[in-house]
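Contents: one structure, followed by commentary.
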Amino acid sequence: MSENNIISIKDLYSIFKFKTTEEINVPEKISEQIIGQDKALDIIKKAAKQRRHVLLIGDPGTGKSMLAQALAEILSEDKEQVKNLEDILVFPNPNDEYQPIIKTVPMGTGKKIVEEMRKKVLEQTKIFQYFYILLLLISAFTPMYFYYEGNYIMAGATFIGFMILMASISFSFQVMQKQIMKNIPKLLVDNSNRTSVPFVDATGAFEGMLFGDVLHDPFQSGGLETPAHQRVIAGAIHKANKGVLFIDEIGTLRPEVQIELLSVLQEKKYPIFGRSERSAGAMVRTTPAPADFVLVAAGNLETLEKLHPAFRSRIRGYGYEVFMNSEILFTEESANKFVQFVAQEVKKTGNIPHFTKEAVIEIIREAQRRSGRKSYLTLRLRDLGGLVRLAGDIAKSKGKKYVEPEDVIEAKEKALTIEEQISKYYIERRKEYQIIKTDGYEIGRVNGLAVIGSRLYYSGLVLPVEAEVVPGKGGREITATGNLGKIAKEAIVNVSAVVKKKFGEDLKKYKVHVQFLQTYEGVEGDSASITVATAIISALKNWPVRQDLAMTGSLSIRGEVLPVGGIIAKVEAAIESKLKEVIVPEGNYNDIPEDLFDKIKITPVKTIDEVIEIATGKKI
């Protein structure tokens, strides 16, 4: 086994003793199901103990919502906190109908109060119900009496008269009933039969859902209006009272909404009022309703720019900020955690087969690939969970009892990201039109490697680069085309310093043109700088370059080859393009998984001298 407890994929075959994930015990507690976020979980435990707010920042799918649920779970372990939960009622205000009164009662009491008051009201209306039934009988038999007596005119007249009377009485009865029912309170938050503190997910909630609202009343007069307190709707902040309020993508809340939420955090109570100016509810504003909760806000790095300074200051001053891990060291402990993760996903899904040991190892291999480094595993587990479910669906469709490695491999092919699909398309088309060449030698042409996509989702791409060096005053040292970004342009300019140092040639004496072929998607970063340097040196010295070779690496002005990102994806792109060898920075060599070495020759380099010798066979 490797040093520092880092292990390899091959080690897993001897480490894992189970045959299928059926044998794996899945913890019941959410806090024990969280993978790779030990530091964050430790802070969540402290936040639960002290009732502190928490801001979780990290990549999507790393377990932020599970941590929020874990906080609610930990709070619920204190049975006193559960017993102290409250029901929230809203009563009519006899002095001001537009300011309903909020009251709290012990958990489970609210429903009883409403039921008892409703029974009393129904008792009061019984006498009117009997009177209504009596009139109904009279109105039915009187016309019949006159009809059988032969007095048809009286029969018709009494029938019409009684119908009008009954309609009037019915309308009056409804009005009277509404007036009597006005005194019945409304149960806003019902915590009866709860065994845990509330956990409310308000992600994506608009203002009314978050802070509460008062519904519009189309009948505002004539005795048919709905009492103001009956139109009050509790918000997420009130439903989360004495529990946990979780808001993911907190940066999507407008600044004024964040300030309103800040007021709630400070006061621990907030009145409910109509949110629409055109609604009759805009006239209604309750007395403050309790909103004493622990806030767990979440988002990605871009979220920080969208947070109001006062809101963030409140969390920093009275809580914790946590940056989520996006990857974890590939150790025996973390590998066993991933076994648990696969078993958890099978159990949660409920309708897919369990995984064999070899299938789990294939999932871990993919976790390693997605991390971009051999010694790490990705913690973007939501995406990985999708792969687990797809592999399970494939195995089930084949009638298998267990998911096997070939099912996971098939799932990986079907679950390619958009970036990976685009990359495959580019590679196929560029090979078809001979834009990517995989054999022979050419002067001034080099196969570079790049990644397409974002920081979270990307794929490798072979990027041919051509250079021409001709005599003449260039004015500018190097002219580069191919939709280059700022960093890429700066990296190309730095190449001139290396050329001057190695060959004593001042590129200002030449016109140097560099083209990144068909880079419609744009190029950014400095990982192509050794590719550019090789192309320029090849064109300057007329040294042919191997076309069965690809390379990636950042070049310092001293000629050192520095590590770059996305190394696994880049090597995979070279393999996909049927190239025979790939040059990588020595600093990236240990990031490449063992299985890729069986598919292509991978050569680590420290300096541009080594790159030139491998690519052209010439020493400098």
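Here's the picture: charge each Lys and Arg Cβ at +1 and each Asp and Glu Cβ at -1 in the chain, and of VAL408, HIS354, ASN588 the one pushed furthest to the positive end of that dipole is ASN588. For the range 326-415, a/c is not less than 1.5, where a ≥ b ≥ c are the root eigenvalues of the C-alpha gyration tensor, and a/b tops b/c. That puts it in the prolate class. 3J(HN,Hα) along the range 231-242: 9, 6, 10, 6, x, 4, 5, 7, 5, 8, 3, 6 Hz, from the Karplus curve 6.51 cos²θ - 1.76 cosθ + 1.60 with θ = phi - 60°, whole Hz, x for Gly and Pro.
So, by mean Cβ neighbours within 10 angstrom, what's the order for 529-539, 315-325, 361-371 with the highest one leading? Show your work: numbers first, answer last.
Details: 529-539: 27.9, 315-325: 16.8, 361-371: 22.5.
Highest mean packing first, the order is 529-539, 361-371, 315-325.
Amide H contacts for TYR320 (H built 1.01 Å from N in the peptide plane; partners 5 or more residues away or on another chain; cut-off under 5 Å): HIS53, VAL54, LEU55.
Averaging the sequence gap over all C-alpha pairs within less than 8 Å and six or more residues apart, then dividing by the number of residues, gives the range 290-414 a relative contact order of 26 percent.
Show me the ranking of peptides 575-583, 9-17 by mean Cβ neighbours inside 10 Å, starting with the highest.
The peptides rank, most packed first, as 575-583, 9-17.
Between ARG278 and SER170, what FRET efficiency comes out of the Förster formula 1/(1 + (r/R0)^6) with R0 = 41 Å and r the beta carbon distance, rounded to 0.05? Walk me through the numbers on the way to the answer.
Working: r = 33 Å, r/R0 = 0.80.
It comes out at approximately 0.80.
Backbone amide hydrogens, once placed in the peptide plane, bring HIS354 within less than 5 Å of VAL403, excluding anything fewer than 5 places away on its chain.
When both the range 244-261 and the range 559-620 are represented by their alpha-carbon centers, they are found 46 Å apart.
Here the relative contact order of the chain, from alpha carbon pairs under 8 Å that lie six or more residues apart, stands at 13 percent.
With charges only on Cβ, +1 for K and R and -1 for D and E, what is the dipole size of the chain about its Cα centre, in debye, rounded to 20? The partial results should precede the final answer.
Values: 83 positive and 79 negative charges, 132 e Å.
With only Lys, Arg, Asp and Glu charged at Cβ, the dipole is about 640 debye.
Full extension of the segment from GLU267 to SER8, taken as 0.36 nm per residue of separation minus the current Cα-Cα distance, would add 87.9 nm. Remark on THR226: its backbone amide H falls under 5 Å from those of PHE219, a criterion applied only to residues 5 or more positions apart or on other chains, H modelled at 1.01 Å from N.
Is the shape of the chain rounded, prolate or oblate, going by the alpha carbon gyration tensor and its root eigenvalues a ≥ b ≥ c, with a/c under 1.5 for rounded and a/b larger than b/c for prolate? Judged from the Cα gyration tensor, the chain comes out prolate (a/c at least 1.5, a/b above b/c).
Which value, in Å², gives the accessible area per residue of the chain when a 1.4 Å probe is used on the protein heavy atoms?
Value returned for the chain: 49 Å² of accessible area per residue.
In this structure, the pairs whose alpha-carbon distance is over 18 Å, taken from LYS357/LYS599; LYS398/LYS424; LYS541/LYS619, are LYS357/LYS599; LYS398/LYS424. When peptides 146-157, 50-61 are sorted by average Cβ neighbour count within 10 Å, with the highest value leading, the order is 50-61, 146-157. Extending 7 Å from Cα along the Cβ direction at ASN351 and again at ASP42 yields two label points whose distance is 4.2 nm.
The values are calculated or read from the model by the stated rules, or taken from the named source; none is laboratory data. In this text the structure is predicted, and so the values were computed from the model without any measurement. Every residue, glycine as well, gets a Cβ built from its backbone with ideal geometry; the counts of neighbours run over all protein chains shown. Remember, those area values only see protein heavy atoms, side chains included, never the ligands or the DNA or RNA. Shrake-Rupley method; radii C 1.70, N 1.55, O 1.52, S 1.80 Å.
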